[in-house]
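To keep things clear, I will list the structure first and then write my remarks on it.
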Amino acid sequence: MAQAEKETVISAAMQPEQSVFSFSVRDDKVGIITIDVPGEKVNTLKAEFVEQFLIIFEKARQVSDLKGLVIISGKPDTFIAGADISMIANCQSPQEATALAEKGQNLFAQIADYPVPIVAAIHGACLGGGLELALACHARICSLDEKTRLGLPEVQLGLLPGSGGTQRLPRLIGVSAALDIILTGRQLKAKQAQRLGVVDDAVPLDILLDVAVQYVKKGNVKKGNVKKGIVKRKPLGWSQRMLASALGRPLLFSMVHQKTREKTRGHYPAPEKIINVIRAGLEKGSGRGFQLEAKAFGELAMTQESEALRSLFFASTALKNETGSSEQPAAIKQVGILGGGLMGGGIANVTTTRGNVPVRIKDINEKGINQALKYSWDLLSSRVKQRRLKSSERAQQMSLLSGTTDYSGFQQADIVVEAVFEDLVLKRKMVAEIEENTKPETIFASNTSSLPIHKIAEIATRPEQVIGLHYFSPVDKMPLVEVIPHAGTSEKTIATAVALAKKQGKTAIVVGDKAGFYVNRILTPYINEAGYCLVEGEPIEHIDKALTNFGFPIGPINLLDEVGIDVGTKIIPVLVEQLGSRFAAPEFLSAILQDDRKGKKNGRGFYLYAGKKRAFWPFGKKSKKEADASVYALLNIKPAIKMLPADIAQRCVMLMLNEAVRCLDEGIIRNPRDGDIGAVFGIGFPPFLGGPFRYIDKLGSDKVVEILRRLASQYGERFAPCEYLVQMAEQKKKFHA
């Protein structure tokens, strides 16, 4: 019998108009609550939905002999993607945000205490408040679909789970496992969630509802033993019980606090509050834990750090919904890659594994092809080893990759991305060959970090189909792509390039075709200034530590070693030629390169890359990176700390801010939002500051101009504030309303 025939639907007249929740009762007396936010692609929770949910609960109570309830989504690919973040922006005080959290807590407490079993049937994204709702249910069943993800990502917005997540998850799966999930904000696949005990079962989608109904029927309703009777869960393992005990807690929380401080460097208040609230709940009871959770949520919601992180969330979400163009993209059914090196292999990997698009790699020899294939094989194998991927899935994804030393198989490529050496003559040669060996509609995208796209397109017979796609290394980890059209690039080509980036799981910003584009242009003066500090005698580690303490994930000199000194400095002459002497690097860089120092890739750079690992209990072994003291002798420098870390950071960062404003003024970036996203996602500008433009707004443009003028008087004209920034200061304007 069809499901529709098995259910008796409550009269539409009883439902609130445009209700998010609908309620029906099956013939077997199991009630189905369906969540479907009208007019939205995904379900998100809002405070005003609480009253609607309570109405549904009241209707369920009126059904005689009701065995229990199943909560399921009416959306095809989402359970509940979380709470509507815009609610927080509307709060004017910590008390308002606390009340918001308490409202969610009270609703979910009613779910947990409901007199008949409630089972969450989860398919698709179940995140934040969505998972907190599911945790309040008496059992959770999820689909085995690839789209199903569970997590509590609030920490990534500078918040903590505010509707019971900090209290329910530790009691369900153990405190150390819960701390890992909540402090990282990572998302779990279905099987991972089942292994950890977050869900009670993971089943194929087509039987999800049927299995959830069976779990409802397991509830021992007559004896009132709902919570214990519906699912017989295994007790937590010995290690989890020990860590949660009075004896184990001090050691566990001491370790977690220390590790968290090392990672956040005190810039993010949310992790500390998460740890304290979870501990308080374990030691003082869940009632007190809920109170402290709501209070902490309210306090965090008003912090500048959370405001900045939420702004990045809204900005990246908006970019996901944009095509970057006035036209729709062409279909992308096959991609070609030129070059099997680190970049080519990385681009091929994200295209197949995330975009599920077949890729054909061309290299001048078999070695390059094998290198690119091995790149994907190694990444996929690590996921298999971690049990995040099946061997069969690895084989299926590898089947999308193939290689050639000629252009066989390129005839059907919709877009070809070249990742060959930074040589204009070579890249132009690639354009000509692609036009000869592919269909007329094929787009040519150059992964260049310095060469102007219009120069590459000059010899093209179809220049409107030439564009830049600037990826960042390592491609599988860095989330940003710069899309660089030249003046003659068509709107359709722009839209298709942005669509490819999205398929690859990237955030794409469209930037202007000028030397350095955006990211490298603002990065170069930042790294150069670190070099000037070194010339003045500041020790290498002292310079890098100053910037990591400021909030960057890696120091500028260390970064130069990581990307390759030869590669990292190649763009400098181009910038000097086209944009002026402010981009001139310290002269010592030529001496470094002449000494065959390329950085990490050849084991010779500013840091040492050979040595023993040192143990740091209780976190295991890790390498302590040390500067190569021979660099000082090579440069005739006697290192000594003379500057405060804050002063070093200010010199480097102020140049980056100034150049970002120039890029906005010149139209290199379309708006401050893209400039913030590009800096945070491309070079690790501290997320808690929200990006260069939000940071200028925070400091005040007049203050930034004042600092730049002072630095210019001390260190030279490269610090002179640009005209647009001076205008903003004089008019007391902000970049973000």
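The values are calculated or read from the model by the stated rules, or taken from the named source; none is laboratory data. Quick caveat: nothing in here was measured; it's all calculated off a predicted structure. Cβ sites come from the backbone with ideal geometry, for glycine too, and all protein chains shown count toward neighbours. When the accessible area is computed, the model is the full protein with side chains, heavy atoms only, and any ligands, DNA or RNA have been set aside. Shrake-Rupley method; radii C 1.70, N 1.55, O 1.52, S 1.80 Å.
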- Item | Label-point gap, in nm, between residue 578 and residue 387 - each point 7 angstrom along Cα→Cβ | 5.1 nm
- Projected onto the charge dipole of the stretch 436-548 (+1 at Lys/Arg Cβ, -1 at Asp/Glu Cβ, origin at the Cα centre), which of 468, 457, 496 gives the Cα projection farthest towards the positive end? 496
- Query: So how much accessible area does residue 302 have, in Å² to the nearest 10, using a 1.4 Å probe?
  - Reply: 70 Å²
- With residue 568 itself left out, Lys, Arg at +1 and Asp, Glu at -1 over residues whose Cβ is under 15 Å from its Cβ give +1
- Message: Restricting to DSSP loop positions (anything but H, G, I, E, B) with no more than 16 other Cβ atoms inside 10 Å of their own Cβ, which trypsin sites (Lys or Arg not before Pro) remain in the stretch 50-80?
- Response: none
- Query: Distance in nm between label sites at residue 633 and residue 51, each 7 Å beyond Cα in the beta-carbon direction?
  - Reply: 7.9 nm
- Contact order normalised by residue count of the stretch 577-736, Cα under 8 Å, 6+ apart, percent: 17 percent
- Query: So who's got an amide H within less than 5 Å of the one on residue 68, skipping anything under 5 residues away but keeping other chains? H placed 1.01 Å off N, in plane.
  - Reply: 31
- Query: Suppose every K and R has +1 on its Cβ and every D and E has -1 on its Cβ; what is the size of the dipole of the stretch 541-670 about the Cα centre, in Debye to the nearest 20?
  - Reply: 760 debye
- Query: So how strong a dipole does the chain carry about its Cα centre when Lys and Arg Cβ are +1 and Asp and Glu Cβ are -1, to the nearest 20 debye?
  - Reply: 3260 debye
- Message: If you count only protein heavy atoms and use a 1.4 Å probe, how large is the accessible surface of residue 326, to the nearest 10 Å²?
- Response: 100 Å²
- Query: For the stretch 487-601, what is the charge dipole size about the Cα centre, in debye to the nearest 20, if Lys and Arg each add +1 at the Cβ and Asp and Glu each add -1 at the Cβ?
  - Reply: 740 debye
- Task: Within 10 Å, count the other beta carbons around each residue, average over each peptide in 165-173, 117-125, and list them highest first.
- Result: 117-125, 165-173
- Counting only pairs 8 or more places apart or on different chains, how many lysine pairs in the stretch 605-737 have C-alpha atoms closer than 12 Å? 11
- Compute the label zone of residue 232 within the stretch 137-161: residues whose backbone N is under 20 Å from the point 7 Å along Cα-to-Cβ. 138-141
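Taking every DSSP beta bridge that has both residues in the stretch 78-193, what percent is antiparallel when rounded to the nearest 5?
Within the stretch 78-193, antiparallel bridges account for around 10 percent of the total.
Using a ≥ b ≥ c from the Cα gyration tensor of the stretch 184-331 (square roots of the eigenvalues), is it rounded, prolate or oblate, where a/c under 1.5 gives rounded and otherwise the larger of a/b and b/c decides, a/b for prolate? Kindly include the intermediate steps, with their values, before the conclusion.
Details: a/c = 2.13, a/b = 1.12, b/c = 1.89.
It is oblate, given that a/c is not under 1.5 and a/b is not larger than b/c.
What pairs from 333/439; 189/374; 333/362; 362/429; 41/477 go past 23 Å between their alpha carbons? Don't skip to the end; give the middle numbers.
Working: 333/439 13 Å; 189/374 26 Å; 333/362 17 Å; 362/429 14 Å; 41/477 28 Å.
Pairs exceeding the cut-off: 189/374; 41/477.
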- Heads up, the stretch 49-161 by the C-alpha gyration tensor (a ≥ b ≥ c square roots of eigenvalues; a/c under 1.5 rounded, else a/b over b/c prolate, else oblate) looks oblate
- Quick one: of the DSSP bridges fully inside the chain, what percent are antiparallel, nearest 5? 30 percent
- Query: If you take the charge dipole of the stretch 300-436 about its Cα centre, with +1 on Lys and Arg Cβ and -1 on Asp and Glu Cβ, which of 397, 318, 425 is farthest toward its positive end?
  - Reply: 397
- Å² per residue, accessible surface of the chain at 1.4 Å: 44 Å²
- Query: Among (1) 2, 9, 12, 12, 11, 10, 8, 7, 6, 5, 4, 4, 3, 2, 2, 1, 1, 0, 0, 0; (2) 3, 13, 21, 23, 21, 13, 6, 2, 0; (3) 3, 14, 25, 28, 21, 8, 1, 0, which one is P(r) over Cα pairs in 10 Å bins from 0, in percent computed from these coordinates?
  - Reply: (2)
- Message: Tell me the relative contact order for the chain as a rounded percent, counting alpha carbon contacts under 8 Å between residues six or more apart.
- Response: 9 percent
- Item | residue 258 paired with residue 22, simple spin-label distance in nm, labels 7 Å along Cα-to-beta-carbon | 5.6 nm
- Task: Specify which residue in the list 585, 173, 564 is farthest towards the positive end of the charge dipole of the chain, using unit charges on the beta carbon of Lys, Arg (+1) and Asp, Glu (-1), about the Cα centre.
- Result: 173
- Determine the order of 200, 145 by accessible area, beginning with the largest, at a probe radius of 1.4 Å. 145, 200
- Net charge (Lys, Arg +1; Asp, Glu -1) of residues whose beta-carbon lies under 13 Å from that of residue 183, residue 183 excluded, is +2
- Mind grabbing the accessible area of residue 598 for me, 1.4 Å probe, Å², rounded to tens? 80 Å²
- Query: If we sort 147-154, 86-93 on the protection proxy, mean other Cβ atoms within 10 Å, highest first, what's the order?
  - Reply: 147-154, 86-93
- DSSP loop trypsin sites (Lys or Arg not before Pro) in the stretch 636-737 with at most 13 other Cβ atoms within 10 Å of their Cβ, which ones? 642, 732, 733
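Can you give the longest run of the chain that contains no chymotrypsin sites (Phe, Trp or Tyr not before Pro) sitting in a DSSP loop with at most 11 other Cβ atoms inside 10 Å?
On the way: sites that count: 421, 616, 619.
Here the longest run is 1-420.
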- Item | Between the stretch 439-515 and the stretch 86-131, the Cα center-to-center distance that results, in Å | 42 Å
- Message: If you roll a 1.4 angstrom probe over the protein chains with everything in place, what fraction of the accessible area of the chain belongs to carbon and sulfur, to the nearest %?
- Response: 53 percent
- Message: On a full-extension model of 0.36 nm per residue, what is the gain between residue 473 and residue 36, subtracting their alpha-carbon distance, rounded to one decimal in nm?
- Response: 153.3 nm
- Task: Report the local net charge at residue 664: Lys and Arg +1, Asp and Glu -1, summed over other residues whose C-beta lies under 14 Å from its C-beta.
- Result: +1
- Message: Relative contact order for the stretch 271-403: what percent, with Cα pairs under 8 Å and sequence separation of 6 or more?
- Response: 18 percent
